[in-house]
Amino acid sequence: MEYLPSYLISLFAFDSSKPLLFTQFNFWAFFLVVFAVYACIVGLPLERKGRLLGYRRPMTASRRLVRNGYLFFVSLLFYYKTSGLFVLLLILATFLGWGLGIAFDRMAATGKQRYRKALMIVGVVVNLAVLFYFKYAYFFTDIYNTITHSNVQVVNMLAQWSNHFTATSRFDASVILLPVGISFFTFQNISYIVDVYKGKVRHAGNLLDFGFYTTFFPQLVAGPIIRADQFIPQLYRPFNVGRRQFGIAIFWILNGLVKKLVLSDYLAVSFVDRVFDNPTLYTPFENFAALLVYSLQVYADFSGYTDIAIGVAMLMGFYLPTNFNSPYKATNAAGFWKRWHMSLSNWLKDYLYIPLGGNRNGTFGTYAVLFGTLIVVALMAQTLWTTIVVSAVITILLAIYILFPKNRKDLSTNINNMDTMLLGGLWHGASFNFITWGGLNGLGILVYKNWKKWGPWVRIIVITALTISLYVANLLYPCPLLSMLSFIMDVVFVGIILLNIVVLLKADKNKIYDITLLVWNTLLTFVFISFTRLFFRSGSNLNPAEANEIAWRTATEMVAQIGSHWNWQPVPAILSNYSGVFLLFLFGMIVHWLPVRFKRRYRLWMATMPMWLLLLITVSTVFIVYQFVTADLQPFIYFQF
């Protein structure tokens, strides 16, 4: 008993070296206790002849309030165990959103529409200001210092104030730490503020209800982003988890653990991290392979977290939105972003793309975002070629806008798409690598949207001109980047020419042609998305204070390696040395490409199997999965966002 107080203190204290992760035993012990108490609140399981029927008990207003309040405080405890005192920031954000929601409805009742809009803008600005302070302080300070040739240092004002009021030097004021999941709960708060303002959802009048919506722990630190109109109505529904929902929830949890611990962590530790940490020590083939393997790693990591979050939430009777829909089945860049991180894509569409003008028109923000980004890039690069290219792009866009008024709508739509992807890239991280990644994805979407409008002759002429131009440029100004792009374009050229010749010859498009076209477009999209991830991965897992410099250097080194001379002789030895990695990669991609109907079938099979068999499979899967656990558990990639 003498050790009990110290044990309880350690149990509830924050330890930065041991955050609560879905992949740790501590989390599942935590969840088991949480769920046991939760079951007592909502009603114990009902069984008939050994079969679980569900959890049913009349959900009175008082019982609902106890349930939501309990999960609110549990979620705050979870976030404290993950991020320490940053839980105070989450509490402040909760009070702000709750107060604004009540104010909106009261002002609507009194007809003060003008004040409602002003208050909505203030709420959005405050949320964005907090996000910018913690996430982008180093980024914009770096831009300012580079442009003005000054040496302004970032100061943690909160730490400075805390030291002043406590008359201590406990907090380090020289470093701004990034709260885990700040981008997710900030966007969630913004969606609530805007949706209540627009009348899409009624405000959550009770602080405990709203606090539960803001802090719901399964998705709190890495999404999916839950919108107010999707989740708040669930706060008032009676709890009911049937036998099938229970089985499906267990399936999603196990599926997420397999993705994270078997696929993602093994691929990262055994291959991807090694190459990205020292690109120059590895061959061009290994650098290129690392990009492809990383695409599967990041998907398994993020979708694995989402699967576990969906399963945990479903056990408690709540449903989170689908966040992934087999994204590597996409046949173009636009289709990829309709399948990848869908909650963010939909958020950006509704709260950024459409307000910018969408596909209707252009606004001041349409051109301000693009031109501002281009000008900052030119000033940061401080090279003649960059200045010339940026000036040419701005001049061409202005010329099209002035000289071709009929094309202004299409131009504005394209720029709105590009702006959305640029800002989406910046949302992921405070470095130019993420902006480059977002810009490349935006370019891929624009190329596809215009490509599908062209006939076969136009496509052949365009791809031929691009291939020749890159070949000539590489001859005149040989460099790894042009060499790599020229090689990729040669492969693309051959495929596109052959496919369009079939169209020109008016040959019968049989099933073989359709399958060939599907496979070609899918692989081309996968390689393109994987290449853009070079800039995404290079900017990840970095201290914001040094992200720009280190990330760009890593990306440059990888491009230099991939674009250098390829020696195919060591490739068989590489495949042999990393046979486990490449076999697991191949297995993961095959499973990913399986038909949706087949996946749904084995998911339902597991959901409806006898309880004893479900328990046996669960225990066996957990045992096998944890054989892959590395000595140092890898945090989820999207925790940093």
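Structure above, values below:
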| item | result |
| --- | --- |
| Shape box of the chain [Cα atoms, principal axes, largest first, Å] | 77, 58, 50 |
| Size-normalised alpha-carbon gyration radius of the range 275-332, reference 2.2 N^0.38 Å | 1.59 |
| Over the range 378-452 - Rg/Rh using Cα atoms and the Kirkwood inverse-distance radius | 1.01 |
| Neighbourhood charge, 15 Å Cβ-Cβ cut-off, centred on Tyr213 and excluding it, Lys, Arg +1 and Asp, Glu -1 | +3 |
| Gain in span if fully extended, Lys198 to Asp350, counting 0.36 nm per residue against the direct Cα distance | 53.5 nm |
| Extension gain, Ala368 back to Lys409 (0.36 nm per residue minus Cα-Cα distance, nm) | 13.1 nm |
| The chain - accessible surface per residue (Å², probe 1.4 Å) | 49 Å² |
| Simple label model, 7 Å out from Cα along Cβ direction - Leu498 to Trp568, nm | 1.6 nm |
| Virtual spin-label span in nm between Leu384 and Arg114, 7 Å along Cα→Cβ | 5.6 nm |
| MRE, 222 nm, helices only [DSSP H, n ≥ 4, -39500 (n - 2.57), over the chain, to nearest 500] | -22500 deg cm²/dmol |
| Kirkwood Rh and Cα Rg combined as Rg over Rh, evaluated for the range 367-499 | 0.98 |
| Local electrostatic count at Trp340 - Lys and Arg +1, Asp and Glu -1, tallied over other residues with Cβ under 14 Å | +4 |
| Separation between Cα centres of the range 212-237 and the range 282-349, rounded to whole Å | 19 Å |
| Over 24 Å (Cα to Cα) - which of Lys349/Lys452; Lys259/Lys349; Lys406/Lys452 fall in this group | Lys259/Lys349 |
| FRET efficiency estimate (nearest 0.05) - Cβ-Cβ, Thr608 to Arg237, R0 25 angstrom | 0.60 |
| Dimensionless Rg ratio for the range 430-503, taking C-alpha atoms and the 2.2 N^0.38 Å reference | 1.27 |
| Approximate spin-label separation Phe140-Ala473, in nm, with each point projected 7 Å along Cα-to-Cβ | 3.3 nm |
| Net +/- balance of residues flanking Leu235 in space, Cβ distance below 13 Å, scoring K and R +1, D and E -1 | +3 |
| Efficiency of FRET between Thr395 and Tyr626 - r from beta-carbon atoms, R0 51 angstrom, step 0.05 | 0.30 |
| Fully extended contour minus Cα-Cα distance, from Arg597 to Ile617, at 0.36 nm per residue | 5.0 nm |
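The values are calculated or read from the model by the stated rules, or taken from the named source; none is laboratory data. Note that the structure is predicted; figures quoted are calculated from it, not measured. Don't worry about glycine lacking a Cβ; one is built from the backbone with ideal geometry, like all the others, and counts go over all protein chains shown. The accessibility values were calculated without ligands, DNA or RNA, using every heavy atom of the protein model including side chains. Shrake-Rupley method; radii C 1.70, N 1.55, O 1.52, S 1.80 Å.
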